[in-house]
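Here the structure comes first, spelled out in structure tokens, and everything after it is commentary.
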Amino acid sequence: MGHRKFSAPRHGSLAFSPRKRADRLLPSVKYWPSKTGTTGLMGFIAYKAGTITLHYIDDQPGSPTHGAEVQAAGTVLAAPPMYIVGVALMGSEDGSLVELGRMYAENIPESLLRRVRGIGSRLSRKEIENYLEKAVEVRAIVASFPNEGGLSQKRPFILEVKVAGDVRSAYEYVMSRLGKSIHVSEVFSPGSYIDVIGVTKGHGFQGVVKRFGVKILPRKQRKTRRAVGAIGGRKPTYVTRFVPRAGQMGFHRRTELNKRVMAVLDDGSKLTPSGGYKHFTVLRSPCIVLFGSVPGTPKRPLVLRMPAKPPRHLATPKVISYTYGDRVFAS
């Protein structure tokens, strides 16, 4: 920082405000895109395992290495099967979505009944079908068990996932799969693009130098050096939001758009190094491989969602091999 003589561009985007801690480890989805043509779930819960090196054939149109073998970083996510434990009907009121009613399955796993409060209060199938005429959206209540992916946590994560299609077909789809499991390959396929919603790595309470990258003041400064030189004038009599201030850094809810699915494997042990991934464990469930990085630390739950702004290029990638350290996994 000391090499800057006069000024430097501000670090830290102003698009994220306020920079506060996430409310929950598994974030809720604030926006579900509209999708027509097919009926099925539009999201899935996965757990970050680790990063690997992808060796694949570049099929990006207009790329200088089009058709050649290239390598890039990829992320492996453990994706154990989810269980559809209920259905919720959403209606429209003053332009906002409101819940009309929900119903749970009869054969709910015992481990889910012990850990979720209020799951016994449910409507009957006949009662909830009375709301179909008013409903504008159907959501499936799904449960994901981390211990089925190799983690130690037994408490499941609960999430409401929108079901694509019209209301009647979406409702029939959920009712036909109520109480059953659903595989990640039924939701996403190689070559498709998805949005990843998660909580970033937390760094706690940090000062302005680490949080925003401001310049360290000269050595002969009368007061502190790791602070902003001036936070404003006498007027206005408040500090604007453009002034870097100390506060929470990391552990924020973030959404990364258009992550390409490179592979979907039924057996994650094929991509597990000896001893498992660092800070994770041995993959004991299906897994999904994404291009690039995703937010969060290993073991962190992520919500994979259908893309809100999908790109035009859609093709099945040809992955030759995967590399983790000095170990090579065949495609």
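Listed by first and then second residue, the pairs linking a residue in segment 186-209 that is among the polar types (S, T, N, Q) to a residue that is outside any loop (DSSP other than H, G, I, E, B) and surrounded by 18 or more Cβ atoms within 10 Å (Cβ to Cβ), with Cβ atoms under 9 Å apart and 6 or more places separating them unless they lie on different chains, are 189/261; 189/264; 192/260; 192/261; 200/253; 206/249. Put simply, of 229, 202 the only residue that is touching a Leu at 6+ places or on another chain (Cβ under 9 Å) and surrounded by fewer than 17 Cβ atoms within 10 Å (Cβ to Cβ) is 229.
Counting only strands (runs of 3 or more DSSP E) that fall entirely inside segment 132-219 and contain at least 2 residues that are over 30 Å from residue 319 (Cα atoms), the qualifying elements are 135-144, 157-164, 204-206. Condition first: part of a loop (DSSP other than H, G, I, E, B), of a type outside the set (A, V, I, L, M) and surrounded by 12 or more Cβ atoms within 10 Å (Cβ to Cβ). Now tell me which residues in segment 7-56 satisfy that. Result: 10, 11, 12, 19, 20, 21, 27, 32, 33, 35, 39. Tallying residues that are touching a helix residue (DSSP H, G or I) at 6+ places or on another chain (Cβ under 6 Å) and farther than 19 Å from residue 301 by Cα within segment 15-60 yields 1. Of the residues in segment 104-118, none is surrounded by fewer than 20 Cβ atoms within 10 Å (Cβ to Cβ) and closer than 25 Å to residue 307 by Cβ. Of the residues screened, residue 164 is one that is buried (at least 18 other Cβ atoms within 10 Å of the Cβ), modelled with pLDDT of 90 or more and among the small types (Gly, Ala, Ser). Figure legend. Inter-residue proximity from segment 145-164: first residues at positive phi, second residues surrounded by fewer than 20 Cβ atoms within 10 Å (Cβ to Cβ), beta-carbon distance below 6 Å, spacing 6+ or different chains. Indicated pairs: 150/281; 150/282; 150/284.
The values are calculated or read from the model by the stated rules, or taken from the named source; none is laboratory data. Given the structure is predicted, the values throughout are model-derived calculations rather than measurements. Counting neighbours? That spans all protein chains shown, and the Cβs are built from the backbone with ideal geometry, glycine included.
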